[in-house]
Every structure is written in C-alpha cells, then in structure tokens.
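Step one of this worksheet: look at the structure below.
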Amino acid sequence: KQEVTQIPAALSVPEGENLVLNCSFTDSAIYNLQWFRQDPGKGLTSLLLIQSSQREQTSGRLNASLDKSSGRSTLYIAASQPGDSATYLCAVRRDGGATNKLIFGTGTLLAVQP
Amino acid sequence: NAGVTQTPKFQVLKTGQSMTLQCAQDMNHEYMSWYRQDPGMGLRLIHYSVGAGITDQGEVPNGYNVSRSTTEDFPLRLLSAAPSQTSVYFCASSYSTSGTDTQYFGPGTRLTVL
C-alpha cells in the first residue's frame, strides 16, 4: 500500500531564506507526483506536476525534483517570502487509470517570518 | 471562469440528518471527484466520476452517495450523517485523467456532525 510522508510537519524560516520541503513515498511505481499549496480555509492550488519519467520541474522560485528509485521528492523554494506561508502537500498518483486517485501526504506547514 | 465552486462553506448537522454538498465547475472538465481531509490523515478519495452518468467508488465511499447528471455538477449526498463524517470536504476536477492534467480543487466545505 502506497504511503506518503512529509517531514517536517512544520517549518519556520526568516524571509529571504532558501528552503527545502521533503516528501517520501513507499512504492516507487508511481505515475506522477504533484505539489500543492493550501492556504487556511481555502482549497488546494497545484504548484508543480512531475511525470514519473521526469527528474524535475520548475516554476518561478519553485523547483521540484523526483527520485523514484529512492521514493523521494523535494520542493525547493528560493528566496522565501511571507506570502509563501501556507501548508504544502505532495500527492502521488499511482497509475494512469480512470480513478485518477491521488494519495496525499499530511503536509508541511510553512511560516516565513518577515 | 469561476473554476470549482462548493456550497455551503460551513454546515452543522445532527446525527442522522441528511444533506447534499454541492460542487460545480465551469471548465468543461470530464473528471470530478470528492475528497475528505482529516487531521493527520491527509486527503482521501470518496467518489469520482469520469463523465456524465458515470460514477465509481474511491477509498472511503461508505455513507456517501454521488450522481453526475451533467458535466458541470457533482453533488455528494450524506444519507444519515454520523460524527465520523465530521471533516473538510473538497471537490476536484480535471479535463481528463491524462497524467499531464492538473486537478483543480474547490475551496472546501467544513462539516460538523454533532
């Protein structure tokens, strides 16, 4: 059974710092992996989607990497800003079938201090 | 586009009451799904639909019914609410089940069952 773990559960950093959020999964046979951002009282916003054949994806100050063999993904945030404060979730899609089911980690709560 | 909308935002029910959580999207997405989010457990898939008239069960379907009479709407029905159904419910949609299609999430409905 696929399990997704995110460590740490919470992280506080000063503004301007570069930081890395970690995501690990137990079954390396994945279809793709997504990183989402969740703001309090709001829904999830997709940040980056990495296909199983890809090693990384970049969007602005965000860079996500994927190492299937070790069951790990990292989300790198450069030059963090207070507006980056949110919960970050990673989710693994197991296969390409119609279920389109995502298996989520429990998230990392990020606080960027001004 | 309004994206994915959900109503109500908050709801309090008594045990045994029934209610319908509404979800609509205006992006002509074929795939829609419902997740519940509980502390420490991440999001879990309840039901999903790959098109109008087609629905199927996800990981935690017991106590919930769905239907998909139109492409735009995907309501979630609680037939007899139980305290274990206290959760935050998210509706999501994507254009297809292709691995390159991002899933868009609604803002959520916070449900409390007393």
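The values are calculated or read from the model by the stated rules, or taken from the named source; none is laboratory data. Quick caveat, the model's predicted, so the values are computed rather than measured. Every residue, glycine among them, receives a Cβ derived from its backbone with ideal geometry; neighbour counts consider all protein chains shown.
Is it true that A:Ala10 is more than 10 Å from chain B (Cβ to nearest Cβ) and modelled with pLDDT of 95 or more? Even if it seems obvious, please write down each step before you answer.
Values: more than 10 Å from chain B (Cβ to nearest Cβ): yes; modelled with pLDDT of 95 or more: yes.
When the stated conditions are applied, A:Ala10 passes them.
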*Residues in the range A:19-76 that are surrounded by 14 or more Cβ atoms within 10 Å (Cβ to Cβ), β-branched (Val, Ile, Thr) and over 14 Å from B:Thr102 (Cβ atoms): how many?*
2
*Out of the residues in the range A:41-79 that are within 14 Å of chain B (Cβ to nearest Cβ) and of a type in the set (A, V, I, L, M), which is nearest to B:Gly42 (Cα to Cα)?*
A:Leu44
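Given the structure, is B:Pro39 closer than 17 Å to A:Gly43 by Cα and over 13 Å from the mean Cα position of the chain (by Cα)? So that I can check it myself, show each step before the final result.
Details: closer than 17 Å to A:Gly43 by Cα: yes; over 13 Å from the mean Cα position of the chain (by Cα): yes.
For B:Pro39, the condition - closer than 17 Å to A:Gly43 by Cα and over 13 Å from the mean Cα position of the chain (by Cα) - is met.
Inspect the range A:37-46 for any residue being outside any strand (DSSP E or B) and more than 22 Å from B:Ser94 (Cβ to Cβ) and give the result as yes or no. Outline the logic, then answer.
Filtering the range A:37-46 down to residues outside any strand (DSSP E or B) leaves A:39-43.
Now restrict to residues that are more than 22 Å from B:Ser94 (Cβ to Cβ): A:40-41.
Within the range A:37-46, one or more residues are outside any strand (DSSP E or B) and more than 22 Å from B:Ser94 (Cβ to Cβ).
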*asked:* When the residues of the range A:96-114 are narrowed to those that are in a loop (DSSP other than H, G, I, E, B) and polar (S, T, N, Q), which ends up nearest to A:Leu19 (Cα to Cα)?
replied: A:Thr106
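Check B:Ala2, B:Ala92 and return the single one that is hydrophobic (A, V, I, L, M, F, W, C), closer than 27 Å to A:Asp39 by Cβ and surrounded by 20 or more Cβ atoms within 10 Å (Cβ to Cβ). Break it down into steps so the answer makes sense when it comes.
Numbers: B:Ala2 fails: surrounded by 20 or more Cβ atoms within 10 Å (Cβ to Cβ).
Just a single option satisfies the conditions, and that option is B:Ala92.
Would the range A:80-88 turn up any residue that is more than 14 Å from chain B (Cβ to nearest Cβ), touching a residue at least 40 places away in the same chain (Cβ under 8 Å) and among the charged types (D, E, K, R)? Talk me through it step by step, then tell me what you get.
Going residue by residue through the range A:80-88, those that are more than 14 Å from chain B (Cβ to nearest Cβ) are A:80-85.
The next check asks that each one be touching a residue at least 40 places away in the same chain (Cβ under 8 Å); those that pass are A:80-82.
With among the charged types (D, E, K, R) added as a condition, the list becomes none.
For the range A:80-88, residues more than 14 Å from chain B (Cβ to nearest Cβ), touching a residue at least 40 places away in the same chain (Cβ under 8 Å) and among the charged types (D, E, K, R): absent.
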*Please verify whether the range B:60-80 includes one or more residues that are at positive phi and not acidic (Asp, Glu).*
yes
*Give the residues of the range B:70-112 that are over 30 Å from A:Leu47 (Cβ atoms) and either aromatic (Phe, Trp, Tyr) or facing chain A (nearest Cβ under 9 Å) (or both), sorted by residue number.*
none
*asked:* For the range A:2-18, give me the residue count where each residue is surrounded by fewer than 15 Cβ atoms within 10 Å (Cβ to Cβ) and assigned to a loop (DSSP other than H, G, I, E, B).
replied: 7
_Residue tally, condition assigned to a loop (DSSP other than H, G, I, E, B) and over 21 Å from B:Ser94 (Cβ atoms), over the range A:49-71_ = 7
*asked:* I'm trying to understand the selection: among the residues of the range B:1-21, which are at the interface with chain A (Cβ under 10 Å from one of its Cβ atoms), assigned to a loop (DSSP other than H, G, I, E, B) and within 15 Å of B:Ser87 (Cα to Cα)?
replied: B:Lys9
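Name the strands (runs of 3 or more DSSP E) wholly inside the range B:22-114 in which the number of residues that are touching a residue at least 40 places away in the same chain (Cβ under 8 Å) and touching a strand residue (DSSP E or B) at 6+ places or on another chain (Cβ under 6 Å) is 1 or more. Let's see the steps before the verdict.
Working: elements: B:31-38, B:42-51, B:54-57, B:64-66, B:76-78, B:87-94, B:109-113.
Where strands (runs of 3 or more DSSP E) fall fully within the range B:22-114 and carry at least 1 residues being touching a residue at least 40 places away in the same chain (Cβ under 8 Å) and touching a strand residue (DSSP E or B) at 6+ places or on another chain (Cβ under 6 Å), they are B:31-38, B:42-51, B:76-78, B:87-94, B:109-113.
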